[in-house]
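The values are calculated or read from the model by the stated rules, or taken from the named source; none is laboratory data. Computed from a predicted model, the values in this text were never measured in an experiment. Don't worry about glycine lacking a Cβ; one is built from the backbone with ideal geometry, like all the others, and counts go over all protein chains shown. Note: areas computed on protein heavy atoms with side chains; ligands, DNA, RNA excluded. Shrake-Rupley method; radii C 1.70, N 1.55, O 1.52, S 1.80 Å.
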Amino acid sequence: MNAEFLLGLAILAIGTAATAFPGEKTYLARLINLEIPSFGLFLIMLAFDEMLALLTFVGVTAISTFIFVRIMERRDDR
Amino acid sequence: MELVYPAGALVILLLVSAAFFALVRERDDLHRLLLTELVAIMTLGLIALVATDLAEALILPGLVVAISELVALSQVYIAKEGLAARPAKVRRIEVMDTAPAIVAAILVAYGIVLSGFSGGAIAAAGLVFYFMGHGHAERFALLEAASGYAWAIWIGAFFIFMILPAYWFFAVLIAGGAILLKVMVKLSLIGTMRGDPDV
Amino acid sequence: MLGEVIRILAASIICWVLFVTVDILFKLPEKGGVSGAAAIGRQIRADGGDLLGGNMMGNIVSSPDASAGTLLASCGVFIAGIPGGLAAAALVFIGNRICHDPGYAGTTGAVLATFVVYGMTQVGFAASDFIAGTVIAILTIQGLFHIPASRVLGRLWRWRA
Amino acid sequence: MIAILQAIFGGIALLGAIAASLSKSSYDKLIGIGLLTGGVIPFVAARGYLDVAIAVSLLVPVTTIIILQVTGPEEER
Amino acid sequence: MFSLPTGQIGGRELFVVEFGDVVNYFSPYTASLFAFALIFTVIVIISRPERMVEIAFGGDAYLAKEIPTKDLAFQRFMAIACGLATLAAVVSGDLFNFALFTSMVGITNIGIVAAVRSRHVLNAAYQYGIVAMVATLPLFGAAAITLATTGSLSLWELYRAGITVPFVAKAFLVLGVMGEGMAPFYVAKAEITRAPGAPYILMIHVSSLLVFLRVVEIALSM
Amino acid sequence: MEGIEGQIPLILTAGIGLYAAIRIVAERRTLRKLPYLNVLSFAVAASVALLIPHPLALAAAAAYFVGSTLESNAIASAYAGGPERQ
Amino acid sequence: MIEYLIAATFIGMLFHGIHRKVIARIQQRPGPPIWQEILHALKFSFKETWIPETASQALFVGVILVAIGIWSAALFVLLSGGSLLLLFGIYMLHKIVEHGTGLSSGSPYGKFGAIRSVITAAAEIPLFATIAAVYLFTGSLAISDIAAYQQVHGPLLFIVPPAALAMYLVILTKVYYSPFAVIESKEIVSGYKTEHFGVWRAALEVGFSLKTFVLLYAFVIVFIGLLPIWWTLLLMLAILVSISFVCALTPMLSPYDSVTVQSIATGLIVAALAVQWVVMA
Amino acid sequence: MIISRISRFLSDYDNLVAAYAVLVIAVAVIGIVLIPGLVYEEEQLYPKQIDRASSLDPYDRGGEAFGRAEVAAQYPENSPYLGYVTAYLTPLARLMADETLHLGTTIVSHPGGIIDEILYNTRGLDTVAETSILFAAFAIAAYLFTRRD
């Protein structure tokens, strides 16, 4: 069990808690909190040397963030 | 691995429970959509724990399924809430004048070098960033067509593998290139979908 | 080991002088290059610091300036000698363009630093000393006490003007 | 990468994660994400995945800027 | 070369279609499902949609709804895609491949109803879509757990007597298919079926039932 | 402690990074966090270059540094309300 | 094969008639003659027939052929001792028939029937419990194997009563006038069959009588065993009459209540099976 | 009455997600209880072996360029050219690999990495499915986007 894996699990846990039960329940807060578990997963993939998956994941995360932003900028309440 | 796998599975299953518990309590539609993204991360985590090359190859389809469903559902959401018009006032940041072009160029170049699926995703992220600042809806149909052809080419490559395996070399080149094109174009279309449809 | 620490400290002083000079020559404290840099300057003034020094700190935050040039040039020299340093200068140039920065402070700093660092490696310093030295130097400006640091930078700017 | 460095960068990443999850302001959250990135990149680089490090360190700011498109004006606190 | 140990449940294999590691097969059971899916796909292709008549209950008012042909063409396209995905899913010989085609069934199902303009139907479709989306976790999770604990994804291997697939994986698999096809949670689907375009809407139901039938076979055989 | 010999610059920069991280978390005003973030990105970029002396590491360090700067720039500008606020 | 089909069809229609007659007698009405359903089918065959203008034509006709096709196939599976799973599959596909029949016409009544048919899909779940139980206890799903098992161990009805109950529930759901028959209840005219008339209706009735026959026959084979043909028919009739009693004495549920009752019943049956399995193991 | 309350809950499709989530939580909890039963199988397909000394580190998967690599596929007999795809390098990649360590993905995921072997060759059908999914999703999104209400 290497450092990346443990760190990844820890960050994944923190991020999931923050996303599932955010302090202030706004769309924006959830969207940003969603980045944290992404980094957790990122580290887990790193620990298993799954680099192509990791790269794709980061790219796709950026795109899915944009999809949410697209919805949110059309709403008045953020 | 005999310890890593159960430990990882334990943590991820716990987090799955937490994420779904949040989903049980959530009533708002957009919040639900955000939580599905969290669930998608858990899914990938479960696959990643297998820790083989096969797992890595399986993460890519998993990612694609997640982003595809998100794209479709987000558009259903916009249609059902009637959020057709883009807001007139858009936040302006200075770096948006300069950064997108250069960053997108770097990412697209890297994506092309990488080729295949990952390359497509990276390049698409760059292109989305680029299109974000501009309205490029007029290219929509053209890009759609390009991606359709790329898909057909990829299917062709797949059948080369299955029927004429001796030509694997060409099949690999075609498949890698076609997937790159297909994924890049498809995903970057999201970037063009920001403005009004009939510009 | 002790010798290395002393060399790092010496390198940090050299770096500090180098990049502050270049930055001030390129008029970084004059105004914030982007709205964010200006806002940082105003914030520092509101907290009791100097507006012009704050502007310079904001500019350092917002775009690769001479300090970044120094750091990356040291890295370049550390890795690949003079060509590495010049490559770093090119990268800083691209960085400047990305960050909506019309100036050439970063590029100039990188080119200058390449030769300085390379020269110092000939007289017993290691390039890695300069890497650590730059980090320490930037720490003194951006990382320890913002208010006194902004006053010092403001005074230097007025002295130049 | 030696253990002490792993501890330091891991600590930075954890600090970033906690700061991002606990902050109220979305700007502070984004700075927390930046902190998290700073902690994670050395792990990538130390394993030799330098090209990945380049791509990731360019993609993370892209994500941040995309999010910044919808952040509202910040109330002074 | 292959000997499928499924004599008791799905019957012996009739013939196999191999794509590298993914070896699809037709047994009497899967062949029946395949044939049924094929019939309905053909019906979707040749059939023209019905024109829905609406009445005001308690009154004598009738009115036939006119649906734009563009919407119906899109629905038909999605229904055909759904039929093809179902065809592939019911004969799949690989767990992950099955999961992928099942999620394609889920997404094309959303597509079939997404063309409807009624807000009520869209709302139901959205809720259904959310479930379909979170159902990818049990679906792919099942494949991942199976792969990790048995070292294989091929149903040919997993059906062997010596290999035990964890209960969680089986339960997740069934749950995932239930989520993607909504069988038997038809409550949202009932709202969806209020939409016009009968042959296409019917495809939603056909696909989810067939995939569910297939997963029952898989879960029992594994 | 073994392994520290010859690693002084690396540990020094990493330590400065940790210090900057703590200052970021401790600081309450958003705009004042950014200079600390700047220090952090200096430290991390330096660490990357020191960890792997390889030409691509220079590019990685530069990319990280530029990316981080871009991020700070965008955050600060968005926080300040963009150019029209001036 | 064809003679079996014809015989099964007629017996199934006769059963429908008997069902109606029994219910009528319980409710102290004279009721129709027991061959009424056969006459109905014949009468419909000679009536004027066309396809409604609003209908989706291929689906309107195709679904009828599918109905007859799947239940013929089911009979074939049953007679040849094939897989019980296949039978289960066909039973679930019957839902598609109901649904397609209702949707294809464009009529609002048909549509309501179809929607209710979709809602009550929980009706299939008891059969799943049956399959799982039979598989657990006999180790096979081939009907011939199950019959062989019963030769040795005696009827499954006494070995796994909860599973038999589940299948009974399934049959109960599908007969006319059952408490769960919300898809044909009279406030929506004839439910999904409203717009199918003439030859189409006759063909549908043929399909449905096959269905009744197959389900009852399957119950006898799976839970009692292979018996001489007359005994089998007698037992089928006995089961049918018991169902008729239930239908006559219970009110029809509202659609969603029907789902809930079925789901809860299934849950209880599964729990009972699990307990039994654990006790026996 | 409890039955009609449950019916009312289920008949509202807004509660559907919650109902499904409860089911998933139930299974996940069972999974947590049965964690000791999840034993990692050491005999995996396509295992990851990383040769730190190779000039292709960290992406080396063995095998010679234009030769053949050892790949643990499920059905090697179905892919006659198994292992060739894996060992393929473009000339540019070859040059970079000879030159230095740590060039990473730029080398091997040129068409020719093991991921390509899996994605395009042995498990190509997965990729067909996945691109079809992408295609379908975009058809939906593009249709809704361009439709005039």
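When you scan the stretch B:137-176, how many residues do you find that are touching a residue at least 24 places away in the same chain (Cβ under 8 Å) and either among the basic types (K, R) or more than 7 Å from every other protein chain (Cβ to nearest Cβ) (or both)?
9
Just wondering, is there one or more residues in the stretch A:21-28 that are free of Cβ contacts under 8 Å to residues at least 40 places away in the same chain, more than 9 Å from chain D (Cβ to nearest Cβ) and assigned to a helix (DSSP H, G or I)?
no
For the stretch B:102-113, give me each residue that is without any contact (Cβ under 8 Å) to a residue 12 or more places away in the chain and at the interface with another protein chain (Cβ under 8 Å from one of its Cβ atoms). Before the answer, list the steps.
If we filter the stretch B:102-113 for residues that are without any contact (Cβ under 8 Å) to a residue 12 or more places away in the chain, which is where we start, we get B:102, B:109, B:113.
Across the stretch B:102-113, the qualifying residues are B:I102, B:V113.
So which residues in the stretch G:23-50 are crowded, with 17+ Cβ neighbours inside 10 Å and aliphatic (A, V, I, L, M)?
G:I23, G:I34, G:I38, G:A41, listed by residue number.
With open to solvent by 10 Å² or more (accessible area, probe 1.4 Å), touching a residue at least 24 places away in the same chain (Cβ under 8 Å) and closer than 22 Å to E:V215 by Cα as the only criterion, which of G:A166, G:A142 stands out?
One residue alone meets the criteria, G:A142.
Only one residue in C:I6, C:I44 is open to solvent by 10 Å² or more (accessible area, probe 1.4 Å), in a helix (DSSP H, G or I) and either in contact with a His (Cβ under 7 Å, 6 or more places away or on another chain) or more than 10 Å from chain F (Cβ to nearest Cβ) (or both). Which one? Break it down into steps so the answer makes sense when it comes.
Details: C:I44 fails: open to solvent by 10 Å² or more (accessible area, probe 1.4 Å).
Just one listed residue meets the conditions, C:I6.
State whether one or more residues within the stretch G:101-113 are under 30 Å from G:V279 (Cα atoms) and of a type outside the set (D, E, K, R). Give the steps one after another, and end with the answer.
So in the stretch G:101-113, the residues under 30 Å from G:V279 (Cα atoms) come out as none.
Checking the stretch G:101-113: not a single residue is under 30 Å from G:V279 (Cα atoms) and of a type outside the set (D, E, K, R).
Does B:L10 satisfy the criteria of being of a type in the set (A, V, I, L, M), more than 20 Å from the chain's Cα centre (by Cα), outside the structural domain of B:I174 (by TED's automatic domain parsing) and open to solvent by 10 Å² or more (accessible area, probe 1.4 Å)?
Taking the combined requirement at face value, the residue satisfies it.
Would you confirm whether any residue within the stretch G:52-60 is touching a strand residue (DSSP E or B) at 6+ places or on another chain (Cβ under 8 Å), closer than 29 Å to G:A132 by Cα and crowded, with 16+ Cβ neighbours inside 10 Å? So that I can check it myself, show each step before the final result.
Taking the stretch G:52-60 and keeping what is touching a strand residue (DSSP E or B) at 6+ places or on another chain (Cβ under 8 Å), we get G:54.
The next check asks that each one be closer than 29 Å to G:A132 by Cα; those that pass are none.
No: zero hits.
Could you grab me the full set of residues in the stretch C:47-58 that are more than 10 Å from chain F (Cβ to nearest Cβ) and part of a helix (DSSP H, G or I)?
C:L51, C:L52, C:G53, C:N55, C:M56
Out of the residues in the stretch C:125-145 that are modelled with pLDDT of 90 or more and open to solvent by 10 Å² or more (accessible area, probe 1.4 Å), which is nearest to F:L58 (Cα to Cα)?
C:I136
Report yes if B:A22 is closer than 30 Å to H:A19 by Cβ and open to solvent by 20 Å² or more (accessible area, probe 1.4 Å), otherwise no.
Working: closer than 30 Å to H:A19 by Cβ: yes; open to solvent by 20 Å² or more (accessible area, probe 1.4 Å): no.
In short, no.
Within the stretch F:25-40, track down each residue that is more than 9 Å from chain C (Cβ to nearest Cβ) and part of a helix (DSSP H, G or I). Before you say what the answer is, go through the steps one by one.
Taking the stretch F:25-40 first, the residues more than 9 Å from chain C (Cβ to nearest Cβ) are F:25-28, F:33.
Those that are more than 9 Å from chain C (Cβ to nearest Cβ) and part of a helix (DSSP H, G or I): F:V25, F:A26, F:K33.
Between a first residue in the stretch C:135-157 that is free of Cβ contacts under 8 Å to residues at least 40 places away in the same chain and part of a helix (DSSP H, G or I) and a second residue that is surrounded by fewer than 21 Cβ atoms within 10 Å (Cβ to Cβ) and of a type in the set (D, E, K, R), which pairs have beta carbons less than 7 Å apart while being 6 or more apart in sequence or on different chains?
Within 7 Å, the pairs are C:G143/F:R23.
With the condition being without any contact (Cβ under 8 Å) to a residue 60 or more places away in the chain and small (G, A, S), I'd like the helices (runs of 4 or more DSSP H) fully within the stretch G:3-112 carrying at least 1 qualifying residues.
On the way: elements: G:36-45, G:57-79, G:84-104.
Where helices (runs of 4 or more DSSP H) fall fully within the stretch G:3-112 and carry at least 1 residues being without any contact (Cβ under 8 Å) to a residue 60 or more places away in the chain and small (G, A, S), they are G:57-79, G:84-104.
Go over the candidates E:L100, E:L95 one by one and state the one that is at pLDDT 85 or above, at the interface with another protein chain (Cβ under 7 Å from one of its Cβ atoms) and open to solvent by less than 10 Å² (accessible area, probe 1.4 Å). Before the answer, list the steps.
On the way: E:L95 fails: at the interface with another protein chain (Cβ under 7 Å from one of its Cβ atoms).
The match here is E:L100.
Every residue, every condition in (1) open to solvent by 40 Å² or more (accessible area, probe 1.4 Å); (2) at the interface with chain F (Cβ under 9 Å from one of its Cβ atoms); (3) without any contact (Cβ under 8 Å) to a residue 40 or more places away in the chain; (4) not charged (D, E, K, R), yes or no:
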{"residue": "C:I60", "(1), (2), (3), (4)": "no, yes, no, yes"}
{"residue": "C:S67", "(1), (2), (3), (4)": "no, yes, no, yes"}
{"residue": "C:L72", "(1), (2), (3), (4)": "no, yes, yes, yes"}
{"residue": "C:G85", "(1), (2), (3), (4)": "no, no, yes, yes"}
{"residue": "C:T107", "(1), (2), (3), (4)": "no, no, yes, yes"}
{"residue": "C:V111", "(1), (2), (3), (4)": "yes, no, no, yes"}
{"residue": "C:Y118", "(1), (2), (3), (4)": "yes, no, no, yes"}
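Quick one: count up the residues across the stretch G:205-263 that are more than 24 Å from G:R116 (Cα to Cα), open to solvent by less than 10 Å² (accessible area, probe 1.4 Å) and polar (S, T, N, Q).
Final tally of qualifying residues: 1.
Within the stretch F:58-82, work out how many residues are under 17 Å from D:V56 (Cα atoms) and surrounded by fewer than 24 Cβ atoms within 10 Å (Cβ to Cβ).
1
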